[in-house]
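Enquirer: Okay, here's the structure, questions in a sec.
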Amino acid sequence: MKIFALVFAFSVFAFGVAMMRIEVTRSGRAIGQLHNEVEVKRARNQYLELEVLRLQSPQVLQTVAQQQLGLRRTLPQNVVVLED
């Protein structure tokens, strides 16, 4: 009976250790996937920040204004400055 109790206790302990290892492995994979997701999001964010800077440049704004909106540059003699 004593041997049975020892074998049972050892089996429960071994099962617990195995379950902990499985959980640690699963958690490690989840952490790895989250790290990859964070890196992808950072790279996308960096790309979008650069795209914003590119789109804010005067050359791109002028091109968009001309091609998509049909706007043209005003001649200096047509500019009227109003003073307070």
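Enquirer: Among Q77, Q62, which is the only one that is in a helix (DSSP H, G or I), surrounded by 10 or more Cβ atoms within 10 Å (Cβ to Cβ) and either modelled with pLDDT of 90 or more or not β-branched (V, I, T) (or both)?
Expert: Being in a helix (DSSP H, G or I), surrounded by 10 or more Cβ atoms within 10 Å (Cβ to Cβ) and either modelled with pLDDT of 90 or more or not β-branched (V, I, T) (or both) holds for just one of Q77, Q62, which is Q62.
Enquirer: Follow-up question, since we're still on this one. Which numbered condition in (1) at pLDDT 95 or above; (2) loosely packed, with under 10 Cβ neighbours inside 10 Å is the only one that E37 fails?
Expert: (2)
Enquirer: Looking only at segment 21-42, how many residues end up being basic (K, R) and over 16 Å from the mean Cα position of the chain (by Cα)?
Expert: Going through segment 21-42, the residues basic (K, R) turn out to be 21, 26, 29, 41-42.
The next check asks that each one be over 16 Å from the mean Cα position of the chain (by Cα); those that pass are 21, 26, 29.
Residues that pass the stated criteria total 3.
The values are calculated or read from the model by the stated rules, or taken from the named source; none is laboratory data. None of these values were measured; they are calculated from a predicted model. Cβ: placed from backbone, ideal geometry, glycine included. Neighbour counts: every protein chain shown.
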